[in-house]
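As structure tokens, the structure follows; a few thoughts come after it.
The values are calculated or read from the model by the stated rules, or taken from the named source; none is laboratory data. Note that the structure is predicted; figures quoted are calculated from it, not measured. Ideal geometry is used to build each Cβ from the backbone, glycine not excepted, and the neighbour counts take in all protein chains shown.
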Amino acid sequence: MSKNLRINNKQFVDETRKLSFVFNGKKLYGYKGDTLASALLSNNIHLVGRSFKYHRPRGIMTSGSEEPNAILQIGNDDALTEPNVRATEIELYDGLICNSQNCWPSVKFDIGGINNFLSPLLPAGFYYKTFMWPASFWEKYEYFIRKSAGLGKSPTKQDPDMYDHRYMHCDILIVGGGVSGLIAAKIASDDNKKVLLLEDKELLGGSLIYDDNDISKIDNQKSSEWLKRLIDNINNDKNIIIKTRTSLAAYHNYNFLLARQNLTDHLSVNDRNNKIRQRLYKIRAKKVIISTGAIERPQIFHNNDRPGIMLASAVKKYIDYYGVRCGLENVLFTNNDSAYETALSLHNSGTKLNAIIDIRDNSSSEIVTKIKSLGIQIYWNHTIVNTKGYKRIKKVTVMKLNDKGNDVIGKKIELNCDCLAISGGWTPMVHLFTQSGGKLKFDNKDNIFVPDKTNLNQLSIGSAKGDFELDDVLINSIKDTKKFLQIENSNFDKIDVKCSKEKEKKNIWLLPSDKPLSKTKPFLDYQNDSTAKDIKLALREGFKSIEHVKRYTTTGMGTDQGKLANMHALGIVADTTNTNMGDLGTTTFRPPYTPLTFGTIVGRNVGQFFDVFRKTPMHDWHVDNNAKFENVGQWKRAWYYPKDGESMHDTVQRESKAARKSSGILDASTLGKIDIQGTDANEFLNRVYTNAWSKLQVGKCRYGLMLNEDGMVYDDGVTTKLGENHYLMTTTTGGAANVMSKLEDYLQTEWPELNVFLTSVTDHYATASVCGPNAKKIINKIFKDLDLSDESFPHMSFKEVKLGDINCRVMRISFTGELSYEINVEASYGKYIWEKCIEAGKEFNITPYGTETMHLLRAEKGFIIVGQDTDGTMTPVDLQMDWIISKKKYDFIGKRSLYRSDTIREDRKQLVGLLTDDPNEILEEGAQIVKDENKKPVNMLGHVTSSYFSPTLKKSIALAVLKEGKQLKGQKLLVPMINKTIKVTVSDTVFLDKKNERING
Amino acid sequence: MFLINCPYCGERDQSEFISGGEAHIARPKQPTELNDDQWAEYLFMRKNIKGVQFERWNHAHGCRKWFNVARDTSNDKIEKVYKMGEQPPKL
């Protein structure tokens, strides 16, 4: 630390706690309480980065979240490093490592700096214009453009940090812990409201807390002293929850807001272990008060971007809060009174101020009068036309403005400086207000956009609503808060505020220079290197909308989102096009206000917590028996059970052979199950399924197909009649929740007269499905007293039996085409019954099979899977399932749609079978089917939906949807693939056991 | 994320609900009597207006009841919540 730069005895920086940090490989020191920026400045380091496009040297410009230049790479760990961190926001900790970005080989000597000299060749839209042709070269250009683009480097390893989410509710949310927010919090708390107060800095108090001059007084006390007492009061207030280091990211409708709290970023790395790094608060507030303050504007002149050029308010904060001088030879450049407070701070700290340049003709306010009395040279009606100094400002060139303020006259004056503090007035932080849907209006007096109309229960106060002087801020905040909260009296009603009042105002969006604009570089957006020239070029080239100008010039599109740049861009567009700024409008303010890490957004929902997953009661058995799993909806379903290093193909071949030759067992617990009861249950089924249910007897099962009202197949499954008014419906695994919703919808809204009750029982029952020629023998071993004869227990029937104390529902139904029984038991007995089947089936080589084998077995029989062989565009007729449509029923869901002009077309896509000419060739699911591949464009007739190699048939089989498929049986078609064309023949959809003999064993 | 005042459970977060599109479109009692155009009118035609729109919502992660909502699509303000079978409010 340079002794000349650090002023001691500042209450916010603890000089007893020295901290070391490393910047670009060099070890430096700062104190607890410093930001990285204040620590760098105390070491006389301004140059911290290079600009994005021209690689110009850039220094720390601000003291807050609006910082465009001082964005650094923090840390050097592959997993923990973080790019684009604003040095002005990160608190210094012991061992902090940081590096400059966007420069090579170093920030002091950067090869890319050549772009600065090439800048006449790099206007706005350069990349769009230059790399357009030849179009085929884009891939080559892109490689180099991407290489030279970008700022910091993303971490390359998984983020090891822990993040958290939390919901919060409050009566009043106050965003911003400056003086107006604190007053509002106190008024609300005194009215017994539950208040949540958010402040993005470490400490409450905003900018008034370090305001040490004697001109501003509250209740006859120094304003900072008065504020400290208020903060003490608020810290002990039980109605107020305070969250510091918490920045509001997004303000959504209905007063739903997201805020991010930093919990460990200010700690040394060793102190962070096992602590949550950041927490995202999801806040629902009855009322919201926005007191986010304002940020200072720069001024736009030639070479206004050199290291050492800073906002005047930042220079003041570095002196008064951190005790750091930003320079030893200072010059101020302003268009308003607030910079004179910086002048006073410089003077009071014994820091040399060489001159003040003010574009106004004069000012007679109290603070300016005070500065005049100190004998500081003030150049009224003057502007800066140029600056010098490559890596740090050395000189400014000053000239007089003409009467109109659009040109400069007279002699050039050169002034020495190593720090130039600039102020162009203030911009209220209306980001949150507009994010929430609020509409702005333009205030011509201060050239600012201020909050106007909103639909929400919210209020903006303080400088966030455009009050900049202390008396206005306090008195209006008190008045507006009382009105907003409908309070008659507050403890602040007799407040007495004294402060200097600004009388003269002058604003020039683009200051004139002695050189033509084309020869100057007046920067608007420092981070993206866009200048006033670029804005004018965009306007000349025909861009009119501010949104288009923004994108063409990239103004406001950096990591700072143009917090400093946007107002001047608007101002210059308005001036150039002779438009009122209020009519021009602003670009859209989008969340987040400052960047969020992905970790904060996802919170705990990572890895195994990414989504819930459901396991069947038999899951552990599958795991123990080496099952591979597939995700079906949220379910983990056993996919196949490889043995001794078997491939998936070999496993599926073995499993399906066993099921056809002796016996197999499938965990079918995931199928959706809906318990239907009520006197109108039968009528209800008649209305929701395409087929007839009236004659179904108790103890019988029936397959049903459910359509959407548009006639397209929606779901299918077997429903069993358990009792006179009691049914158990099964649905597809993935469709269960949707089917339940749909049935409830019809019952509640279309047919409330039906006496029907639905209960989802998917999770209440577990299902083991035993199939194969030996299935009957196995079931007989388990249920010795159960009559399994075809007469007593035929296909598509059901019996309820007991196994000890366990109630078992046994259904004889088949999805494989084999003799098959499904045993349903209460879920807690699922694993028991499964193991019972395995034990009983041992002598018959009972083979557990997964979903893949199930798919193969059903495809051999031509049974569809809704969602695989159908896609929401298939009617039952398209599926060649005309048999399931009742001709007798007057109505059912989707019936009318089955004879719309579109659904009765003959040339719709229809489900068919496909056999490859080479029986060993397996088609790819999703492959396209064509008749003639030479005639271009090739006419696509359909695609393969299911394809397997059948070990029983010893050939490849497939299902497909094919235009006019029903007419094409026996036709030869082609399936073109990348390297070859496969010849296929259209076939029947049933490949095995066309007479359905196997279901009887 | 807005709040919906479920007529059966009270005010809850939007994430507990699913939207069911335009309200007050009754399924025709005699679909077979309708020609293609009339059936298509029921099946496909939905309003999408800027302003107050009557919608069906379902408290899917709550009581699972369907009900009606009058919502201003321009700002998501909910003017009224009312039960199935009740008449829409006059606005």
Checked against (1) within 12 Å of chain A (Cβ to nearest Cβ); (2) in contact with a Pro (Cβ under 8 Å, 6 or more places away or on another chain); (3) over 19 Å from A:P752 (Cα atoms); (4) of a type outside the set (V, I, T), B:K83 satisfies every condition except (3)
Only residues in the stretch A:887-900 that are at the interface with another protein chain (Cβ under 10 Å from one of its Cβ atoms) count as the first member; pair them with residues that are part of a helix (DSSP H, G or I) and basic (K, R), Cβ under 8 angstrom, at least 6 apart or cross-chain, and list the lot. A:D891/A:R687; A:F892/A:R687; A:I893/A:R687
State which residue is farthest from A:P773 (Cα to Cα) when the search covers only the stretch A:801-812 and only residues that are surrounded by fewer than 21 Cβ atoms within 10 Å (Cβ to Cβ) and among the aliphatic types (A, V, I, L, M). A:I806
Tell me whether the stretch A:860-869 contains one or more residues that are surrounded by fewer than 21 Cβ atoms within 10 Å (Cβ to Cβ), acidic (D, E) and either over 40 Å from the mean Cα position of the chain (by Cα) or modelled with pLDDT under 95 (or both). no
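Name every residue in the stretch A:407-426 that is in contact with an Asp or Glu (Cβ under 8 Å, 6 or more places away or on another chain) and either of a type outside the set (S, T, N, Q) or under 19 Å from A:G462 (Cα atoms) (or both), in order of residue number. Let's see the steps before the verdict.
Let us first name the residues in the stretch A:407-426 that are in contact with an Asp or Glu (Cβ under 8 Å, 6 or more places away or on another chain), namely A:408, A:412, A:416-419, A:423-426.
A:V408, A:K412, A:C417, A:D418, A:C419, A:G424, A:G425, A:W426, listed by residue number.
Does at least one position in the stretch A:109-127 carry a residue that is part of a strand (DSSP E or B) and either of a type in the set (S, T, Y) or at pLDDT 70 or above (or both)? Steps first, please.
Start the filter on the stretch A:109-127 by keeping residues that are part of a strand (DSSP E or B), which leaves A:110.
Retained after the next criterion (residues that are either of a type in the set (S, T, Y) or at pLDDT 70 or above (or both)): A:110.
Yes - at least one qualifying residue is present in the stretch A:109-127.
Residue by residue, here is whether (1) exposed (fewer than 15 other Cβ atoms within 10 Å of the Cβ); (2) within 14 Å of chain B (Cβ to nearest Cβ); (3) of a type in the set (A, V, I, L, M, F, W, C); (4) assigned to a loop (DSSP other than H, G, I, E, B) holds:
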position: A:S741; (1), (2), (3), (4): no, yes, no, no
position: A:L747; (1), (2), (3), (4): no, yes, yes, no
position: A:N755; (1), (2), (3), (4): yes, no, no, yes
position: A:D763; (1), (2), (3), (4): yes, no, no, yes
position: A:A768; (1), (2), (3), (4): no, no, yes, no
position: A:D787; (1), (2), (3), (4): yes, no, no, yes
position: A:S792; (1), (2), (3), (4): yes, no, no, yes
position: A:K799; (1), (2), (3), (4): no, no, no, no
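For A:K909, state whether it is touching a Gly at 6+ places or on another chain (Cβ under 6 Å) and either surrounded by 15 or more Cβ atoms within 10 Å (Cβ to Cβ) or under 24 Å from A:T816 (Cα atoms) (or both). Write out each step before concluding.
On the way: touching a Gly at 6+ places or on another chain (Cβ under 6 Å): yes; either surrounded by 15 or more Cβ atoms within 10 Å (Cβ to Cβ) or under 24 Å from A:T816 (Cα atoms) (or both): yes.
Criteria met by A:K909.
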Picking from A:T292, A:T264, which residue would you name as being surrounded by 20 or more Cβ atoms within 10 Å (Cβ to Cβ), away from chain B (no Cβ under 14 Å), outside any strand (DSSP E or B) and among the hydroxyl-bearing types (S, T, Y)? A:T292
Within the stretch A:56-88, residues surrounded by fewer than 22 Cβ atoms within 10 Å (Cβ to Cβ) and assigned to a loop (DSSP other than H, G, I, E, B) come out as A:S65, A:G75, A:N76, A:D77, A:D78, A:A79, A:L80, A:T81
Could you grab me the full set of residues in the stretch A:168-195 that are touching a strand residue (DSSP E or B) at 6+ places or on another chain (Cβ under 7 Å), crowded, with 24+ Cβ neighbours inside 10 Å and not in a loop (DSSP other than H, G, I, E, B)? A:I172, A:L173, A:I174, A:V175, A:G181, A:A184, A:A185, A:A188, A:V195
Are any residues in the stretch B:12-39 assigned to a strand (DSSP E or B) and either more than 10 Å from every other protein chain (Cβ to nearest Cβ) or among the polar types (S, T, N, Q) (or both), and if so, which ones? B:R12, B:S19, B:G21, B:E22
Filtering the stretch B:40-55 down to residues that are free of Cβ contacts under 8 Å to residues at least 12 places away in the same chain and part of a helix (DSSP H, G or I), which residue is farthest from the other protein chains (Cβ to nearest Cβ)? B:E41
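Is it fair to say A:N262 is modelled with pLDDT under 95 and either on the phi > 0 side of the Ramachandran plot or not β-branched (V, I, T) (or both)?
Details: modelled with pLDDT under 95: no; either on the phi > 0 side of the Ramachandran plot or not β-branched (V, I, T) (or both): yes.
Against the criterion (modelled with pLDDT under 95 and either on the phi > 0 side of the Ramachandran plot or not β-branched (V, I, T) (or both)), A:N262 does not qualify.
Results for (1) within 14 Å of another protein chain (Cβ to nearest Cβ); (2) of a type in the set (D, E); (3) within 26 Å of the chain's Cα centre (by Cα), shown as yes or no for each residue.
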position	(1), (2), (3)
A:T397	no, no, no
A:I413	no, no, no
A:V430	no, no, yes
A:K439	yes, no, yes
Check whether at least one residue in the stretch B:4-20 is in contact with a Cys (Cβ under 7 Å, 6 or more places away or on another chain) and loosely packed, with under 13 Cβ neighbours inside 10 Å, and report yes or no. yes
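Scanning for something in a helix (DSSP H, G or I), outside the structural domain of A:T88 (by TED's automatic domain parsing), under 26 Å from A:E15 (Cβ atoms) and touching a Ser or Thr at 6+ places or on another chain (Cβ under 8 Å), does the stretch A:320-334 turn up at least one residue? Let's see the steps before the verdict.
Residues of the stretch A:320-334 that are in a helix (DSSP H, G or I), as a first pass: A:320.
In the following step, the residues that additionally are outside the structural domain of A:T88 (by TED's automatic domain parsing) were identified as A:320.
The next check asks that each one be under 26 Å from A:E15 (Cβ atoms); those that pass are A:320.
Now narrow it down to the ones that are touching a Ser or Thr at 6+ places or on another chain (Cβ under 8 Å): A:320.
Checking the stretch A:320-334: at least one residue is in a helix (DSSP H, G or I), outside the structural domain of A:T88 (by TED's automatic domain parsing), under 26 Å from A:E15 (Cβ atoms) and touching a Ser or Thr at 6+ places or on another chain (Cβ under 8 Å).
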Looking at the stretch B:73-81, is at least one residue touching a helix residue (DSSP H, G or I) at 6+ places or on another chain (Cβ under 6 Å) and not basic (K, R)? no
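When residues of the stretch A:403-416 are filtered for being farther than 13 Å from A:Y379 by Cβ and in contact (Cβ under 8 Å) with a residue 12 or more places away in the chain, how many remain?
Let us first name the residues in the stretch A:403-416 that are farther than 13 Å from A:Y379 by Cβ, namely A:403-407, A:409, A:416.
Among the residues that remain, those that are also in contact (Cβ under 8 Å) with a residue 12 or more places away in the chain are: A:405-407, A:416.
Adding up the residues that qualify gives 4.
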Search result, residues across the stretch B:63-78 that are away from every other protein chain (no Cβ under 12 Å) and of a type in the set (D, E, K, R): none
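Given the stretch A:458-572, what helices (runs of 4 or more DSSP H) lie entirely inside it while holding 1 or more residues that are surrounded by fewer than 24 Cβ atoms within 10 Å (Cβ to Cβ) and touching a strand residue (DSSP E or B) at 6+ places or on another chain (Cβ under 7 Å)? Full working, then the answer.
On the way: elements: A:470-484, A:532-540, A:546-553.
Result: A:470-484.
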Evaluate the following for A:V718: is it crowded, with 19+ Cβ neighbours inside 10 Å, more than 17 Å from A:I893 (Cβ to Cβ) and of a type in the set (V, I, T)? yes
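Evaluate the following for B:A60: is it among the hydrophobic types (A, V, I, L, M, F, W, C), under 24 Å from A:V739 (Cα atoms), surrounded by fewer than 16 Cβ atoms within 10 Å (Cβ to Cβ) and facing another protein chain (nearest Cβ under 9 Å)? Working first, answer last.
Numbers: among the hydrophobic types (A, V, I, L, M, F, W, C): yes; under 24 Å from A:V739 (Cα atoms): yes; surrounded by fewer than 16 Cβ atoms within 10 Å (Cβ to Cβ): no; facing another protein chain (nearest Cβ under 9 Å): yes.
No, not satisfied.
So which residues in the stretch A:585-612 are assigned to a helix (DSSP H, G or I), more than 18 Å from the chain's Cα centre (by Cα) and either β-branched (V, I, T) or in the same structural domain as A:H568 (by TED's automatic domain parsing) (or both)?
Our first condition is that a residue be assigned to a helix (DSSP H, G or I); within the stretch A:585-612, this holds for A:598-602, A:607-609.
This time we only want the ones that are more than 18 Å from the chain's Cα centre (by Cα), so: A:608.
Within the stretch A:585-612, none qualify.
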Inside the stretch A:34-56, the number of residues satisfying the requirement of being under 21 Å from A:A312 (Cβ atoms) and touching a Pro at 6+ places or on another chain (Cβ under 7 Å) is 2
Those residues of the stretch A:210-248 which are touching a residue at least 60 places away in the same chain (Cβ under 8 Å) and within 20 Å of A:D14 (Cβ to Cβ) amount to A:Y210, A:D212, A:T244
